[in-house]
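What follows is one structure encoded as structure tokens, with my remarks underneath.
The values are calculated or read from the model by the stated rules, or taken from the named source; none is laboratory data. Note that this is a predicted model, so its numbers are computed, not measured. For neighbour counting, all protein chains shown are included, and Cβ atoms are generated from backbone atoms with ideal geometry for every residue, glycine included. For accessibility, only protein heavy atoms count, side chains too; no ligands or nucleic acids. Shrake-Rupley method; radii C 1.70, N 1.55, O 1.52, S 1.80 Å.
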Amino acid sequence: MNIFKNEEMRQIDGFLYEVNKDADYKTIQRVVGYFFSILFIVFSLFYTCENDLMYASFYYAIVLYYFGKLFLTSEKIQVFHKGITQQKQLSLLKVNRVSQLMLLTPFNYKNYIKLRLLDTLKIEICVMGIYLISICYIALVSNVTIYPGKIIVVLISQIVILIIEFIDCYLCWKL
Amino acid sequence: MNKILELKNVTVKNKKFKLENINFALEKGYVYGLVGKNGAGKSTLLKSIYFENWPYKGDIFFSGFDIKKNRRSAMNKIGYISEDFYFIDDRSMAENARLFSMAYSNFDEEIWEEMTKKLGINLNTNYMDYSRGEKIKAQLAFAFAHKAELLIMDEASAGLDAVFKKEMYDLIREGLVDGLTVLLTSHDYEEIKRNTDFFAVIKDGAFGEFKETIEENAYEYL
């Protein structure tokens, strides 16, 4: 039982699990998601420990991380159609996004948004946990300079990603 | 008066039209029809009642409760029947019913089986392979299975054969005995005349009152 999810959020979670449980490319999706998330952590570590050469890498890290996050949570976005190409889905112009599906059910869309934000937060906490442990380790075993201001920037980026997630949910609702 | 749906000072609008200050109340156990030209706002009004993301101003009450604040309990008791409403295309109707029943607290498996048998719905066929009539039948069976008290039917009978239309209205009439209420739109004047107890005309952005007889000039709005 998840104390952060209310009754309806748990029901939505169960509903989405059932909708997507036969997705045939879930494993590769997860592998790609983890790959991008690890890349994000590595780039963030470079950014935090370097003086001036790796500024640009932070930008790429954010973009890569967002892709990673998308891959990790996209079962919350896409209703998988087994054996149907995306092109055919588009030609059908029918329900292929969970946001559309949600609006056809009695579920409260606000709870769906909360669920997506919670899922994003879970991934962010894991990624930030690994990042902070790595920073501590680097600080203890090496003489590399660590810039605390940059750690704050990395943490702020997580808030930005949460905001992007919220805007994404809201736009799905509006459209 | 036992009101199931009440609209108070409701305004809906889009780029083409604006319907202002709509006020009406639907009593349980009757069929209500909406008449109006294409683009008059009939479908938009119905969607504003049912869909969370269709904006409106004013208050909509379902069984005396604000629909915005009690959306889930209201949606459990409202069935939306329309060509626009769809289940997941590449799943069988049996699978669709299994999935969507998770969202409806009142879903009754026995009623679902009974209704699908009665309407001759093949549950193993994918939803996208159904004809328009079969899709409407499946939606209707699903609405009955989740014990809808109000059916919102947006041009649901358009393009259906006469036999199924009769079957559909017979089903509705049976439901009325148990307190079902129906709000529908149609372009078929004869159909409106034959099958509704009250109707209202939407004309030039104004919403008329629900009346028992169709006025002579109603023809021009069909």
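Considering only helices (runs of 4 or more DSSP H) fully contained in the range A:60-175, which possess at least 3 residues that are modelled with pLDDT of 70 or more and within 26 Å of B:Asp84 (Cβ to Cβ)?
Working: elements: A:86-92, A:98-103, A:109-141, A:148-174.
Of the helices (runs of 4 or more DSSP H) lying wholly inside the range A:60-175, those with at least 3 residues that are modelled with pLDDT of 70 or more and within 26 Å of B:Asp84 (Cβ to Cβ) span A:98-103, A:109-141, A:148-174.
Step by step: first the residues of the range B:187-222, then only those that are assigned to a strand (DSSP E or B), aliphatic (A, V, I, L, M) and modelled with pLDDT of 80 or more, then the one that is nearest to B:Lys16 (Cα to Cα). Which residue is that?
Taking the range B:187-222 first, the residues assigned to a strand (DSSP E or B) are B:198-203, B:206-207, B:211.
Those still in the list that are aliphatic (A, V, I, L, M) too: B:200-202, B:206.
Next, only the ones that are modelled with pLDDT of 80 or more stay: B:200-202.
Values: B:Ala200: 20, B:Val201: 18, B:Ile202: 14 Å.
Looking at residues that are assigned to a strand (DSSP E or B), aliphatic (A, V, I, L, M) and modelled with pLDDT of 80 or more, I get B:Ile202.
Taken over the range A:114-142, the residue count meeting the criterion of being open to solvent by less than 20 Å² (accessible area, probe 1.4 Å) and either more than 10 Å from the chain's Cα centre (by Cα) or among the aliphatic types (A, V, I, L, M) (or both) is 5. Considering only the range B:52-64, how many residues are more than 14 Å from chain A (Cβ to nearest Cβ) and not acidic (Asp, Glu)? So the count comes out to 7. The single condition among (1) open to solvent by 10 Å² or more (accessible area, probe 1.4 Å); (2) away from chain A (no Cβ under 12 Å) that B:Ile172 does not satisfy is (1). Within the option set B:Leu176, B:Leu184, B:Leu140, B:Leu151, being in a helix (DSSP H, G or I) and in contact with a Leu (Cβ under 8 Å, 6 or more places away or on another chain) holds for one residue only, B:Leu140.
The one condition from (1) touching a helix residue (DSSP H, G or I) at 6+ places or on another chain (Cβ under 6 Å); (2) at pLDDT below 85 that A:Leu45 does not meet is (2). The residues of the range B:18-51 that are more than 14 Å from every other protein chain (Cβ to nearest Cβ) and touching a helix residue (DSSP H, G or I) at 6+ places or on another chain (Cβ under 8 Å), listed by number, are B:Leu19, B:Ile22, B:Gly29, B:Tyr30, B:Val31, B:Gly33, B:Leu34, B:Val35, B:Gly36, B:Lys37, B:Ala40.
Quick grid of which residues meet (1) in a loop (DSSP other than H, G, I, E, B); (2) under 28 Å from B:Glu212 (Cβ atoms); (3) open to solvent by less than 10 Å² (accessible area, probe 1.4 Å):
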| site | (1), (2), (3) |
| --- | --- |
| B:Leu34 | no, yes, yes |
| B:Gly39 | yes, yes, no |
| B:Leu45 | no, yes, yes |
| B:Ile49 | no, yes, yes |
| B:Asn53 | yes, no, no |
| B:Asp59 | no, yes, no |
| B:Ser73 | no, no, no |
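The requirement of being within 13 Å of chain A (Cβ to nearest Cβ), touching a residue at least 40 places away in the same chain (Cβ under 8 Å) and under 29 Å from B:Thr213 (Cβ atoms) is fulfilled nowhere in the range B:86-109; no residue meets it. Taking the criterion of being polar (S, T, N, Q), under 23 Å from A:Val19 (Cβ atoms) and away from chain A (no Cβ under 14 Å), would at least one residue in the range B:126-145 satisfy it? Checked the range B:126-145: no residue is polar (S, T, N, Q), under 23 Å from A:Val19 (Cβ atoms) and away from chain A (no Cβ under 14 Å).
For the range A:1-48, how many residues meet the condition of being within 14 Å of chain B (Cβ to nearest Cβ) and surrounded by 14 or more Cβ atoms within 10 Å (Cβ to Cβ)? Walk me through how you get there before you give the answer.
Applying the first criterion (within 14 Å of chain B (Cβ to nearest Cβ)) to the range A:1-48 yields A:6-24.
Still in the list and also surrounded by 14 or more Cβ atoms within 10 Å (Cβ to Cβ): A:6, A:8-13, A:15-16, A:19-20, A:23.
The total comes to 12.
Residue check: B:Leu123 meets all listed conditions (1) farther than 27 Å from B:Leu5 by Cβ; (2) of a type outside the set (Asp, Glu); (3) surrounded by fewer than 16 Cβ atoms within 10 Å (Cβ to Cβ) but one, namely (3).
Look through the range B:77-97, keep the residues that are farther than 16 Å from B:Ile136 by Cβ and open to solvent by less than 10 Å² (accessible area, probe 1.4 Å), and return whichever of them is farthest from the chain's Cα centre (by Cα).
Pass one, the range B:77-97, residues farther than 16 Å from B:Ile136 by Cβ: B:77-78, B:88, B:90-92, B:94-95.
If we keep only those that are open to solvent by less than 10 Å² (accessible area, probe 1.4 Å) as well, we get B:78, B:88.
On the way: B:Ile78: 8, B:Ile88: 20 Å.
My answer is B:Ile88.
Every test in (1) touching a residue at least 24 places away in the same chain (Cβ under 8 Å); (2) within 14 Å of chain A (Cβ to nearest Cβ); (3) not in a strand (DSSP E or B) is passed by B:Gly79 save one, and that test is (3).
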